[in-house]
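Inspection log for the structure reproduced underneath, given as C-alpha cells.
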Amino acid sequence: MAQIIDGNRIAARVIEEAAGRSRDFLGKHGRVPGLAVILVGEDPASSVYVRMKIRDCARCGIESFSYTLPEKTITGELLDLVGALNRDDRVDGLLVQLPLPAHIDTRRILDAIDPAKDVDGFHPANVGRLVRGDKYALLPCTPSGVLRILDDSGVDPKGMRAVVVGRSDLVGKPAALLLLNRHATVTICHSRTRDLPQICRTADILVAAVGKPFLIQEDWVREGVVIIDIGINSIGPDDAPRSLLEDPKRVADFERKGYTLVGDVSPAAAVKASLITPVPGGVGPMTRALLMENTLKAAEWRKNPPEVPK
Ligand code: GUN
C-alpha cells in the first residue's frame with residue numbers, strides 16, 4: 001500500500017520558517033517583506049488562488065499588494081503597472097497570475113518583471129539560472145515544492161530514473177531540470193511521445209503534470225514507484241471510479257460542490273506506488289508555501305545581493 005505524502009504538513013513547516021525569516025527581516029530592515037499580486041479578469045479559479053496567496057502572506061507577516069484589473073486591460077497598461085511595482089521599494093516579490101486573457105502578450109509581461117522580484121521564476125534570467133543549476137536563483141514554486149517533498153520523504157533523486165509527463169514552461173520543464181540538477185536520469189514525455197506507458201514503466205520517480213484526470217493507468221507504473229501527482233482536475237460523479245464513489249470525503253464533495261478535485265494518476269496506479277502525493281493536499285499546498293519562501297529569498301537578496309550571483 002502506498003504511503004501518502006502529507007503536503008499540508010510539509011507546507012505548514014515551510015510557512016512557519018518563512019514567518020520566522022519575515023520577523024528577522026523586519027528586525028533588520030525596519031519593514032516587512034512585500035509581495036504584489038496582479039490578477040487580470042475574473043477567472044474563478046485564479047481568483048481563488050490569488051485570495052489564498054494573500055492569506056498566506058498574512059500568515060507569514062508579508063505585506064501583500066493586490067491588484068485586480070479588468071478583463072479588457074491591454075498589454076501596455078499591465079506593463080505600466082509592472083514597471084511601477086518594479087520601482088516600488090516596498091515590493092520584494094511580484095507575481096502576475098496566469099493565465100492572462102488571450103489578448104495580452106504574456107511573454108512581454110513576464111519578461112518585464114524585475115528578475116530580482118520574479119518570485120514565480122518565469123523570467124528568462126531565472127530560467128537561465130535554473131538551467132545552469134545556479135545556487136542564487138528564484139525557482140518556480142511548484143517544481144521546487146516537488147523537490148522539497150522528495151527531500152522531506154527521504155527520496156534522493158541521484159541516479160534514479162525520473163519520468164516527467166508534461167512539458168509546460170511552468171511545471172514540466174522546470175521539474176525535469178531540477179531533477180536533472182539533482183543527478184536523476186530524466187525523461188520528459190508529452191502529447192507526441194510514442195509508447196508513453198512503456199516509458200512510464202521505467203520510472204523510479206514519476207512526475208505527472210499534464211492536467212488529464214487519471215491519465216496514468218495501473219499498468220503504466222512499476223510496483224514501488226514514487227509518484228508525484230501535480231495534476232489538479234475537477235470531475236463530476238459520473239467520471240469518478242468506484243473507489244472515489246466509496247470515499248466519504250469525495251461523496252461529501254459531490255454533494256456539496258457537484259465536483260471533486262483529482263490528479264493525473266488513477267487510484268489503481270496510485271496503490272502500486274511506495275510513496276504518492278494526494279490530490280488535493282499534496283503538491284498544491286507546497287506551491288503556495290514555496291511562494292512565501294521565494295518572497296523571503298527575494299527580499300533578503302535585494303537587501304544583501306549574493307556576492308557571486310550564481
Ligand atoms: N497559474 C497557475 N499556476 C501559477 C503559478 O505558479 N504562478 C502564476 N503566476 N500563475 C499561475
So, by mean Cβ neighbours within 10 angstrom, what's the order for 108-115, 171-178 with the highest one leading?
171-178, 108-115
Where the only charges are on Cβ atoms (+1 Lys, Arg; -1 Asp, Glu), what is the dipole of the chain about its Cα centre, to the nearest 20 debye?
600 debye
Starting at 0 and stepping by 10 Å, how many percent of the alpha carbon pairs of the range 71-206 end up in each bin?
12, 35, 29, 18, 6, 0
For the range 189-251, state the average projected area of the convex hull of the C-alpha atoms over all orientations, rounded to one decimal in nm².
5.0 nm²
Cα-based convex hull, the chain, per residue volume (Å³, whole number)
138 Å³
For the range 223-246 and the range 89-132, distance of Cα centres in Å:
32 Å
What distance in nm lies between label points placed 7 Å from Cα along the C-beta direction at residue 158 and residue 136?
2.6 nm
What is the packing order of peptides 290-299, 256-265, 240-249, taking the mean over residues of other C-beta atoms within 10 Å and listing the highest first?
290-299, 256-265, 240-249
Give me the percent of Cα-Cα pairs in the range 115-169 that sit more than 14 Å apart, rounded to a whole number.
62 percent
Identify, among 137, 44, 109, the residue whose Cα sits farthest towards the positive end of the charge dipole of the range 31-156, taking +1 on the Cβ of Lys and Arg and -1 on the Cβ of Asp and Glu, with the dipole about the Cα centre.
137
Heavy-atom accessible area per residue, the range 80-218, 1.4 Å probe: how many Å²?
46 Å²
Carbon-plus-sulfur fraction of the accessible area of the range 179-307, 1.4 Å probe, in percent?
50 percent
Can you give the helix-only mean residue ellipticity at 222 nm for the chain, where every DSSP H stretch with n ≥ 4 adds -39500 (n - 2.57) and the sum goes over all residues, rounded to the nearest 500 deg cm²/dmol?
-13500 deg cm²/dmol
Between 89, 229, 118, find the one with the highest GNM mean-square fluctuation for the chain; connect C-alpha pairs within less than 10 Å.
89
What ranking do 132-139, 24-31 get when scored by the average of other Cβ atoms within 10 Å per residue, highest first?
132-139, 24-31
Quick one: with all protein chains in place, what share of the accessible area of the range 11-161 is carbon or sulfur, to the nearest percent (1.4 Å probe)?
53 percent
Sparsely packed GluC sites (Glu not before Pro) within the range 13-53, loop by DSSP, other Cβ within 10 Å at most 13:
42
Can you give the Rg and Dmax of the range 5-45 based on its C-alpha atoms, in angstrom?
14.9, 39
For the range 203-310, what does the equivalent ellipsoid look like in terms of its semi-axes, each the square root of 5 times an eigenvalue of the Cα gyration tensor, given largest first in whole Å?
34, 19, 10
For the range 155-285, what does the relative contact order come out to in percent, with C-alpha contacts under 8 Å and a separation of six or more?
24 percent
How would you classify the range 1-126 from its alpha-carbon gyration tensor, with a ≥ b ≥ c the square roots of the eigenvalues: rounded for a/c under 1.5, else prolate if a/b is greater than b/c, otherwise oblate?
oblate
Tell me the per residue accessible area of the range 1-52 using a 1.4 Å probe; a whole number in Å² is fine.
54 Å²
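The values are calculated or read from the model by the stated rules, or taken from the named source; none is laboratory data. If you're wondering where the values come from, they're calculated on a predicted model, not measured in any experiment. Cβ: placed from backbone, ideal geometry, glycine included. Neighbour counts: every protein chain shown. Each accessible area value is taken on the protein alone, full model and side chains, heavy atoms only, with ligands, DNA and RNA left out. Shrake-Rupley method; radii C 1.70, N 1.55, O 1.52, S 1.80 Å.
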